[in-house]
Structure formats: C-alpha cells, structure tokens
Amino acid sequence: MNPPPGGELYRQLPVRPLVSPVLVTALEGWVDAGFGAQQALATMLDASEPEPAATFDEGPLLDRRARRPVARIVDGITTELTWPRIELRAGADQRGADVLFLVGPEPDFLWREFVDAVVALARGWGVRMAVALGAFPAPAPHTRPVRLAATAPPGSADLVRRIGAVQGDIQVPAGLQFPLELAFEHAGVPVVSLWARVPHYVSAMAFPAAGAALVEGVMALTGLQFDVSALTRADDEVRRKVDRLVSGNPEHRAMVAKLEEAIDASEGNPLGVTELPTGEELAAELEQFLRGENQ
C-alpha cells in the first residue's frame, strides 16, 4: 500500500518500495537537552543514506520570523539562502531494514492537520512502529550512564515498561510528539517517545552520551542496527573535559557526589524538581572552559 499522492500540506516523492519501516521522529525546536535527539538523528541519518520521500509545505506551518532562513554572505555578496524544511526521508539501517525519518523544525501552526498528514503517510507505507526522540535536563551526574525514560499511550504501555518511565502524575508543556502518540494510537500503530536524562549542568552543550543512549533505545525496541562508536568516542572526550573542570572545584565535586549518591540509591524522583542541586554556575563555567579548550 502506498501513501496518498499528496495533500494540502505535503507532496509525496518517488521512493523505492519500503517494507514495514520504522518511523523515527526528531523535530527541532522543543526539549533537546545536550542536543541528544539531534545527535542521535544525525548518527542514524549518516548511516542510512536517506532519500526524500515526502516534503511539507512550510509556508502555512512555520512562523518565518521565529524560524528565519539562513543567508550565506561571502565578502558582502549574498550567495545562498537556506530555508527551513520539514521532510520525511527514507533510509535503511546497517542490515538493510527500512527506516523513515521525520526531520526539520517542529511546526508552529496547524498541528492537527500536520499530525493527520504524517499518520496518513506512515500508514500508507506500512509503518510498523513510530519512535520519537527527545532529551530533558535531569538531576543526574555525568559520571553515570545516561538513562532513558519513555512515554506512550495506553496501547503501547508495554514499550514504556521495556524502557522505564518518570513515576508519578506530572504535567508538562507538550511537544508535537504527544499528539503524534495519540494519533498513532488511534491508527493502531505502536508508538513510543524516548527521552534521555541529561545532567542538568551540561544540558546546554553537546552531550554525546545522550545521543548514544537514544540510538541504543531505538535499536532495543525496533531491532534496527546502527553504529554508535563515533558518539561513544566523542562522549569520552567530553567526559574528560567535564571531569577536569569538576575536579578543580570542591563545590562542584560535592554536587556531583550528591547526584551520584542519589542515583545509585534509587530512582526516587527522577525529575528531582524540588531537590535539584544548583548547577547554573557550573554550567556557565563549563561553557567558558570548553570555549577555552577549543581556542
């Protein structure tokens, strides 16, 4: 079965036949601490050699003043203008299993219509599972492996149990993956969102361990295969830099030790909203320190 040939919001492109693909969603613009989702997406895209399968009309979807095109200027001459694009791309994992990637900025408008279009396309290509990626700041030390949390509608609760969840009743601003979760549930497609818990004091910088954890979560749930060795090598370097900065400040060492003690003892309150140790000073020093390292 093929997707509908087009609609008001998208244009379907010629693409090779796809066999039970997994849909991976990592739209830009919402919560992505440590750039975990974007690093995970880049790793999978680099391995997939994807081709455009559908393009969306960004005109009615995006606020151009909030998501401006990027101008390239060479010696005062404007040579190129790159517009934000929302696309579905078709690729494959290391074993040749088909994957669809929903990439680009999260729409500013027409969420219901956009969700309906994505689900229609996914059903047309016979998507067997939809997985969204994200990352949030958490009271976790950089000295421990990144843990994942999952969210899903009731029909996909088994996927949440396989990953783990933030316990308790919480209310958070919703990104587009939440209406996508509910729409895929209604369409009978298993769906889950994976969230990397990123140490709050490194959440503003690239933290490759978050990307690696998300890719590994995708592989564990879907059976897809991707190589995360590049992210692992990058993570080793980042952790060494953070270690050097933390080791030089007794207050920083004490904060990290407290986080280690809490996470080793139990999950407790995974978000730790009421007990979050102050990390703003450390985060600012980290940014300054890493800028100096790159000079």
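The values are calculated or read from the model by the stated rules, or taken from the named source; none is laboratory data. Predicted model, so just to flag it, every value in this text is computed and none were measured. Using ideal geometry, Cβ is built from the backbone for each residue, glycine included, and neighbour counts are taken over all protein chains shown.
Output the residue which, of all residues in segment 215-249 that are of a type in the set (G, A, S) and in contact (Cβ under 8 Å) with a residue 24 or more places away in the chain, is surrounded by the most Cβ atoms within 10 Å (Cβ to Cβ). Among residues in segment 215-249 that are of a type in the set (G, A, S) and in contact (Cβ under 8 Å) with a residue 24 or more places away in the chain, the one surrounded by the most Cβ atoms within 10 Å (Cβ to Cβ) is G217. Every condition in (1) over 15 Å from L23 (Cβ atoms); (2) touching an Asp or Glu at 6+ places or on another chain (Cβ under 7 Å); (3) modelled with pLDDT of 95 or more holds for G96 except the one numbered (2). Scanning segment 237-245 for residues that are assigned to a helix (DSSP H, G or I), at pLDDT below 95 and touching an Asp or Glu at 6+ places or on another chain (Cβ under 8 Å) turns up at least one hit.
Restricting attention to segment 62-83, does a residue exist that is aromatic (F, W, Y), over 20 Å from the mean Cα position of the chain (by Cα) and either modelled with pLDDT of 95 or more or farther than 18 Å from Q225 by Cα (or both)? Among the residues of segment 62-83, at least one is aromatic (F, W, Y), over 20 Å from the mean Cα position of the chain (by Cα) and either modelled with pLDDT of 95 or more or farther than 18 Å from Q225 by Cα (or both), which makes the answer yes.
The residue that is farthest from E58 (Cα to Cα), counting only those in segment 106-149 that are more than 15 Å from the chain's Cα centre (by Cα) and β-branched (V, I, T), is T143. Considering segment 1-28, and only residues there that are within 18 Å of A117 (Cβ to Cβ) and small (G, A, S), the residue that is modelled with the lowest pLDDT turns out to be G6.
Hey, does segment 101-121 have a residue that's touching a helix residue (DSSP H, G or I) at 6+ places or on another chain (Cβ under 8 Å), surrounded by fewer than 16 Cβ atoms within 10 Å (Cβ to Cβ), within 30 Å of A265 (Cα to Cα) and at pLDDT 95 or above? No: zero hits.
Considering segment 65-88, the residues that are farther than 19 Å from A54 by Cβ and either touching a helix residue (DSSP H, G or I) at 6+ places or on another chain (Cβ under 9 Å) or of a type in the set (D, E, K, R) (or both) include one that is surrounded by the fewest Cβ atoms within 10 Å (Cβ to Cβ), namely D75.
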